[in-house]
Structures are given as structure tokens and as C-alpha cells.
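J.: One structure, as C-alpha cells, below. Some questions next.
The values are calculated or read from the model by the stated rules, or taken from the named source; none is laboratory data. Not measured: the values here are computed from a predicted model. Glycine also receives a Cβ, built like all others from the backbone with ideal geometry; neighbour counts cover every protein chain displayed.
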Amino acid sequence: MKQFNTRFQPYLTLLARLLLGGVLLVAGGLKVTKPTDAANAVAAYKLLPTNIAHLLGYALPWLEVAIALLLIVGIVVRPAAIAGGLIMVIFIGAIASAWARGLVIDCGCFGGGGALDPALADQVHRTYFIEIMRDLGLALTALYLYFFPYGKLSFEKAAVEE
Amino acid sequence: MAKQQVKSGDNTTRWIVIAMVLLVVVTGVVFSLMSQSNKENASLAALDGTKLQPAIVSTIDAANGSAITLNSGQAKAVDIWEDPQCPVCKNFEDANGTYIESLVREKKATVRFHVLSFLGDESVRAANASFCAADEGQYLDFHHALYAVQSPLENSGFLSNDKLVSIGKKIGFNSTKFANCVTKGSKIDLVKANYDSMSKFGVKGTPTVFIDGKLWERKSPDFNLAEFKAAVEAK
């Protein structure tokens with residue numbers, strides 16, 4: 001395992017950067033053009049006072065795009081991975097809390113979002129589970145990048161070339 | 001696992017990059033905020049030149065969830081459940097609002113508007129103001145106006161009582177009675193009664209429409225007048 005990692009780490013890091021960066025770029029990019037939808041989506045979680053939720057909703061798409069670009073290009077990968085990982089952990093917490101409180105909402109992950117028809121409850125609960133698993137996977141990807149931020153096709157290089 | 005080490009000496013560059021990224025994010029937020037509030041204030045201009053239509057006396061139908069009832073006692077009854085902030089209700093209104101108004105004005109049906117308020121404080125204020133407008137005999141005018149200026153952002157601070165009064169002024173309400181009713185929240189009991197009646201009628205979302213007591217389920221992906229009209233006029 002260790003050997004495997006030493007050998008393929010530069011490629012794994014590239015893959016991880018493209019995966020996390022790609023998802024964040026799509027998610028952020030879809031929301032950047034519709035800031036009010038994102039703001040409504042954050043407010044629908046009912047975790048924050050409305051105006052703070054709106055502010056966060058406005059910031060989130062830009063933040064996602066920014067982190068995505070840094071990861072893809074390979075600049076300040078470690079801080080970007082920490083930020084990306086934190087965002088994923090927050091998403092997991094928010095979705096889990098919505099699930100626990102029985103809210104029936106669209107996560108707003110890729111645009112849209114907000115309250116849904118309560119008749120869709122069963123379907124939405126399945127969606128929550130899938131979303132949490134997906135974000136968990138992305139959080140682990142971020143963790144890998146925290147340990148190994150330097151790889152192929154990156155502006156930043158490791159101190160000692162391996 | 002050992003962490004990869006950072007190349008020494010580029011810490012400054014690192015912080016500059018991070019600061020620049022944060023600057024971009026903050027600029028994005030400020031831009032979004034400004035364009036949002038500009039849009040909201042500009043939306044009031046949509047009401048310029050609106051003329052108040054002839055008044056229609058409405059009643060409150062306590063047996064039917066305290067809805068605003070127009071043309072009580074017709075053979076056909078249409079119940080419309082909506083929240084003033086609900087974006088899909090705006091779509092419904094854009095597609096069918098004129099037709100529904102014609103049902104009322106031509107006395108073709110009893111139309112009951114159940115004004116809900118589950119989308120937050122601003123819906124409560126807007127619902128209260130709607131009942132105030134009904135007292136003036138101008139519910140439909142106010143209803144159209146609310147959807148015409150609806151903000152895409154819910155509870156953004158847009159629908160303050162002052163703004164609701166000025167929406168009223170824009171469409172021709174000049175009585176101080178309306179302004180007082182809005183600012184004092186005089187109709188809050190009716191707002192609550194409408195909200196509380198949702199479960200009794202099995203209403204879970206908005207817009208929900210009943211035609212002669214039967215739930216109307218739309219087949220097409222968007223609201224379209226032909227479909228709604230056919231459903232209302234079906235025997």
C-alpha cells in the first residue's frame with residue numbers, strides 16, 4: 001500500500017485535484033449565475049438567521065469556484081484542500097441535520113434548492129443519504145490532498161522531488 | 001503517512017494568493033447583494049401606471065378556512081392556496097391570473113383565495129396586507145401587485161410593512177385605513193386561521209388548487225392557461 005502510494009502518488013494527487021476541483025467547479029458554476037436561488041437554498045436549511053443564511057448563500061458559489069480553480073491549476077493546494085474539506089464536512093452536517101429534523105428540502109448542491117413537496121419525503125430521504133455519501137467521498141479526497149498536495153501538472157511542486 | 005513538505009520561502013506568495021482569492025469572493029458577495037436590492041427596488045416600477053379596478057366586495061368564508069371569498073354562492077367553486085412569496089405561485093399567477101380575474105368579474109365562479117404564510121415573516125406581513133386590501137374591496141388588485149413585484153429572494157427584508165403600504169399607494173390605495181391595517185397587523189388572526197386550516201384540507205404546498213372541492217393536478221410541466229381553463233370549465 002505504502003509502496004503503491006509512493007509510486008502513484010503524483011497521479012493520485014492529480015486525480016484527486018481534478019475530482020474535488022471538478023465537482024466544486026460545476027456546483028459553484030451552476031449557482032454563481034443564480035445567487036438568489038443559492039441564498040434561498042441555504043435559508044431553507046433553517047440553521048442560520050435568514051439574512052446570515054442569505055449572505056452565506058451569496059458567498060458559497062464564489063468560494064466553491066475559487067477553491068476549484070486553485071485545486072485544478074495546482075496553486076496553494078493544501079489550504080484549498082482544507083477549505084474544500086471543511087465545506088464538505090459542513091454540507092454533511094447540514095444535510096444530516098435537515099434529515100434528522102424531518103425537513104423536506106432540495107440540498108441546493110447544484111443550483112436550485114429550497115422546500116419541496118412533503119409528499120416526496122421518502123424519495124428525499126434516499127437523496128439525503130446519497131448526498132452524504134458523495135460529500136463524504138469528497139471530504140476524504142480533500143484529506144488525501146492535505147497529506148499529498150503536490151503531484152503531476154501542478155504549478156506548485158514538492159520541496160523534494162520524489 | 002508523512003505529509004509532503006512545503007518548499008520553503010514561498011509562504012508570502014501563498015498568503016497573497018489566499019488573500020486575492022478571498023477578495024474575489026467578497027467582491028462576488030457585494031455584487032450579488034447590490035444587484036439583488038437594486039432589482040427589488042426597481043420591481044416597484046412595474047406597478048407604474050396601474051389603475052385600480054372597480055371594487056369587488058369579498059367575504060371571509062369561515063367554513064372554508066377563512067379564505068378571502070369572491071362571488072360567494074356560485075355553482076362552481078375554485079379554491080386557490082398560495083403564499084405571496086412562493087415563486088411557483090407567481091408562475092401560476094402569470095399563466096392564469098387574468099383568467100381567474102375574469103371568472104370573478106363575470107361571475108362565473110366563486111373563487112376563494114387561501115392566503116398562506118409558511119415562507120416566513122414577510123409572507124405573514126404580505127398575507128396580513130392582503131386581508132387589509134380585501135377590506136378595501138381591492139383584493140385582486142393587490143394580489144396582482146404582490147406577484148408583479150415578488151422578490152426571487154425570500155425574506156430578504158423587501159416586504160416590510162412600509163413597502164407593503166407603498167405597494168398599496170402605487171396601485172391607488174390612498175386610505176389611511178389600509179396603511180393602519182398593514183402597520184398594525186390587524187388581520188393577523190385571519191392570517192393564522194388560513195395557515196392553520198392547511199392540514200384540515202390536506203394542503204401541503206403551494207400553489208394548491210381545488211376545483212369544486214376536487215384537487216386539481218396539472219399534467220403539463222409548466223402552468224398553461226388552456227389546461228387550467230379546461231379543468232375549470234369541465235362539467
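J.: Please determine, by comparing only the residues of the stretch B:16-56 that are closer than 30 Å to residue B:106 by Cβ and surrounded by fewer than 12 Cβ atoms within 10 Å (Cβ to Cβ), which one is nearest to the other protein chains (Cβ to nearest Cβ).
T.: Checked the stretch B:16-56; the qualifying residue nearest to the other protein chains (Cβ to nearest Cβ) is B:48.
J.: Inspect the stretch B:166-183 for any residue being out of contact with any strand residue (DSSP E or B) (no Cβ under 9 Å at 6 or more places or on another chain), within 14 Å of chain A (Cβ to nearest Cβ) and among the polar types (S, T, N, Q) and give the result as yes or no. I'd like the intermediate steps shown before the answer.
T.: Step one: of the stretch B:166-183, the residues out of contact with any strand residue (DSSP E or B) (no Cβ under 9 Å at 6 or more places or on another chain) are B:166-183.
Subset that is within 14 Å of chain A (Cβ to nearest Cβ): none.
Checking the stretch B:166-183: not a single residue is out of contact with any strand residue (DSSP E or B) (no Cβ under 9 Å at 6 or more places or on another chain), within 14 Å of chain A (Cβ to nearest Cβ) and among the polar types (S, T, N, Q).
J.: Follow-up question, since we're still on this one. Among (1) within 13 Å of chain B (Cβ to nearest Cβ); (2) surrounded by fewer than 18 Cβ atoms within 10 Å (Cβ to Cβ); (3) more than 29 Å from residue B:202 (Cβ to Cβ); (4) of a type in the set (A, V, I, L, M), where does residue A:120 come up short?
T.: (3)
J.: Just name the residue that is farthest from the other protein chains (Cβ to nearest Cβ) out of those in the stretch B:197-235 that are acidic (Asp, Glu) and touching a residue at least 12 places away in the same chain (Cβ under 8 Å). Step through it out loud before you land on a result.
T.: Step one: filter the stretch B:197-235 for residues acidic (Asp, Glu), giving B:212, B:217, B:222, B:227, B:233.
Next cut, touching a residue at least 12 places away in the same chain (Cβ under 8 Å) only: B:212, B:222.
Working: B:212: 22, B:222: 16 Å.
Filtering first and then ranking leaves B:212.
J.: Next up: Within the stretch B:63-97, work out how many residues are in contact (Cβ under 8 Å) with a residue 24 or more places away in the chain and assigned to a helix (DSSP H, G or I).
T.: 12
J.: Check off (1) part of a loop (DSSP other than H, G, I, E, B); (2) within 26 Å of residue A:54 (Cβ to Cβ) for residue B:49 and give me the number that stays unchecked.
T.: Of everything listed in (1) part of a loop (DSSP other than H, G, I, E, B); (2) within 26 Å of residue A:54 (Cβ to Cβ), residue B:49 misses just condition (2).
J.: Quick check on residue B:33: is it in contact (Cβ under 8 Å) with a residue 60 or more places away in the chain and in contact with a helix residue (DSSP H, G or I) (Cβ under 8 Å, 6 or more places away or on another chain)?
T.: Answer is no for this residue.
J.: For the stretch A:26-42, how many residues meet the condition of being free of Cβ contacts under 8 Å to residues at least 60 places away in the same chain and more than 24 Å from residue A:77 (Cα to Cα)?
T.: As a first pass, look at the stretch A:26-42 and keep what is free of Cβ contacts under 8 Å to residues at least 60 places away in the same chain: A:28-29, A:32-33, A:35-36, A:39.
From what is left, the residues that are more than 24 Å from residue A:77 (Cα to Cα) are A:33, A:35-36, A:39.
Count: 4.
J.: So residue A:91 fits all but one of (1) touching a Cys at 6+ places or on another chain (Cβ under 8 Å); (2) at pLDDT below 90; what number is the exception?
T.: So the condition that residue A:91 fails would be (2).
J.: I'd like to know if the stretch A:28-35 contains one or more residues that are more than 12 Å from every other protein chain (Cβ to nearest Cβ), touching a Gly at 6+ places or on another chain (Cβ under 8 Å) and under 20 Å from residue A:148 (Cβ atoms).
T.: The initial filter retains those residues of the stretch A:28-35 that are more than 12 Å from every other protein chain (Cβ to nearest Cβ), namely A:29-30.
Remaining after also requiring touching a Gly at 6+ places or on another chain (Cβ under 8 Å): A:30.
If we keep only those that are under 20 Å from residue A:148 (Cβ atoms) too, we end up with none.
So far as the stretch A:28-35 goes, no, none of its residues is more than 12 Å from every other protein chain (Cβ to nearest Cβ), touching a Gly at 6+ places or on another chain (Cβ under 8 Å) and under 20 Å from residue A:148 (Cβ atoms).
J.: So, of the residues in the stretch A:97-111 that are of a type outside the set (Val, Ile, Thr) and surrounded by 15 or more Cβ atoms within 10 Å (Cβ to Cβ), which turns out to be farthest from residue B:11 (Cα to Cα)? Even if it seems obvious, please write down each step before you answer.
T.: Keep residues of the stretch A:97-111 that are of a type outside the set (Val, Ile, Thr), which gives A:97-103, A:106-111.
If we keep only those that are surrounded by 15 or more Cβ atoms within 10 Å (Cβ to Cβ) as well, we get A:98-99, A:103, A:106-109, A:111.
Working: A:98: 40, A:99: 41, A:103: 44, A:106: 40, A:107: 37, A:108: 36, A:109: 33, A:111: 35 Å.
So the residue we want is A:103.
J.: Could you tell me which residue of the stretch A:48-74 is nearest to the other protein chains (Cβ to nearest Cβ), considering only residues that are touching a residue at least 40 places away in the same chain (Cβ under 8 Å) and out of contact with any helix residue (DSSP H, G or I) (no Cβ under 6 Å at 6 or more places or on another chain)?
T.: A:69
J.: Please state which of the following conditions residue B:12 fails to meet, knowing it meets all the rest: (1) within 14 Å of another protein chain (Cβ to nearest Cβ); (2) free of Cβ contacts under 8 Å to residues at least 40 places away in the same chain; (3) surrounded by 12 or more Cβ atoms within 10 Å (Cβ to Cβ).
T.: (3)
J.: If you don't mind, there's one more thing I want to ask. Which one of these is in contact with a Phe, Trp or Tyr (Cβ under 7 Å, 6 or more places away or on another chain), surrounded by 22 or more Cβ atoms within 10 Å (Cβ to Cβ), under 15 Å from residue B:21 (Cα atoms) and of a type in the set (Gly, Ala, Ser): A:81, A:68, A:39, A:16?
T.: Result of the check over A:81, A:68, A:39, A:16: A:81.
Matching residues to (1) surrounded by fewer than 21 Cβ atoms within 10 Å (Cβ to Cβ); (2) among the polar types (S, T, N, Q):
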residue	(1), (2)
B:80	no, no
B:89	no, no
B:107	yes, no
B:114	no, no
B:117	no, yes
B:123	no, yes
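J.: Quick one: in the stretch B:117-126, which of the residues that are closer than 15 Å to residue B:90 by Cβ and part of a helix (DSSP H, G or I) is nearest to the other protein chains (Cβ to nearest Cβ)?
T.: Start the filter on the stretch B:117-126 by keeping residues that are closer than 15 Å to residue B:90 by Cβ, which leaves B:119, B:122-123, B:126.
With part of a helix (DSSP H, G or I) added as a condition, the list becomes B:122-123, B:126.
Numbers: B:122: 9, B:123: 12, B:126: 15 Å.
It comes out as B:122.
J.: Across the stretch A:130-155, which residue is farthest from the other protein chains (Cβ to nearest Cβ) among those that are surrounded by 14 or more Cβ atoms within 10 Å (Cβ to Cβ) and closer than 13 Å to residue A:72 by Cα?
T.: For the stretch A:130-155, the residue satisfying everything is A:142.
J.: Right, another one. Quick check: anything in the stretch B:137-150 surrounded by fewer than 21 Cβ atoms within 10 Å (Cβ to Cβ) and either over 21 Å from residue B:183 (Cα atoms) or of a type in the set (Lys, Arg) (or both)?
T.: yes
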